[in-house]
Amino acid sequence: MSFWDRLFGGRSESAQNRQRLDYLNEALVLERQGDFDAAVTSYRLALRERPDDLKILQNMAIALTKIGRVEEAVRAYRKALELDASLSGAHYGLAFLLIKRGDSTGAAKHLSAFLAKPPTGPDAARWVAHAQGTLEQLRAPSDGASPPAGE
């Protein structure tokens, strides 16, 4: 802590905000570099400051998924959905994790929620089509075929 900070009783709110943003930005950089374990650590530090930050929760769930920590990713997605049940990205990600766990009913519920309020944007059609196709497979009568592939 600098002399100035000590003189005036600690860090200013803007300095604290910069630190919080640094954890999030650091995590995003680490993910781009492929260091998902370190990114998760940075996301956890960011969550200490803002435990209800939806962006941090969703990004952390994605990083956890990429390193195979499925149960932790499920918890992060569920926490995000507790805070905002309309988060289409969390529904999508959680659905495919539930498929990996063999929970077709739960996956179908989350895919339906995703499709009820799909994202918009240039890549959205691809994700919507994937969700629709997977949901159709989940709802189709079982004929001994293997379950749909997750993301």
Filter segment 83-133 for residues that are of a type in the set (Gly, Ala, Ser) and assigned to a loop (DSSP other than H, G, I, E, B); which is farthest from Thr65 (Cα to Cα)? Gly121
Is it true that His91 is open to solvent by 50 Å² or more (accessible area, probe 1.4 Å) and at pLDDT 95 or above? no
Based on what the data block shows, is Ile62 open to solvent by 60 Å² or more (accessible area, probe 1.4 Å), under 26 Å from Asn25 (Cβ atoms), of a type in the set (Val, Ile, Thr) and within 13 Å of the chain's Cα centre (by Cα)? yes
Residue check: is Ala39 open to solvent by less than 80 Å² (accessible area, probe 1.4 Å) and in a helix (DSSP H, G or I)? yes
Can you tell me which condition Ala108 does not meet? The list is (1) more than 20 Å from Asp37 (Cα to Cα); (2) open to solvent by 40 Å² or more (accessible area, probe 1.4 Å), and all the others hold. (2)
Pairing a residue in segment 114-131 that is open to solvent by 50 Å² or more (accessible area, probe 1.4 Å) with any residue that is of a type in the set (A, V, I, L, M, F, W, C) and assigned to a helix (DSSP H, G or I), where Cβ atoms lie under 6 Å and the two sit 6 or more apart in sequence or on different chains, gives Pro118/Val128
Pro51 fails exactly one of (1) of a type outside the set (A, V, I, L, M); (2) assigned to a loop (DSSP other than H, G, I, E, B); (3) over 17 Å from Arg78 (Cβ atoms), namely (3)
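The values are calculated or read from the model by the stated rules, or taken from the named source; none is laboratory data. Quick caveat, the model's predicted, so the values are computed rather than measured. Ideal geometry is used to build each Cβ from the backbone, glycine not excepted, and the neighbour counts take in all protein chains shown. Calculation scope for accessible area: heavy atoms of the full protein, side chains included, ligands and nucleic acids excluded. Shrake-Rupley method; radii C 1.70, N 1.55, O 1.52, S 1.80 Å.
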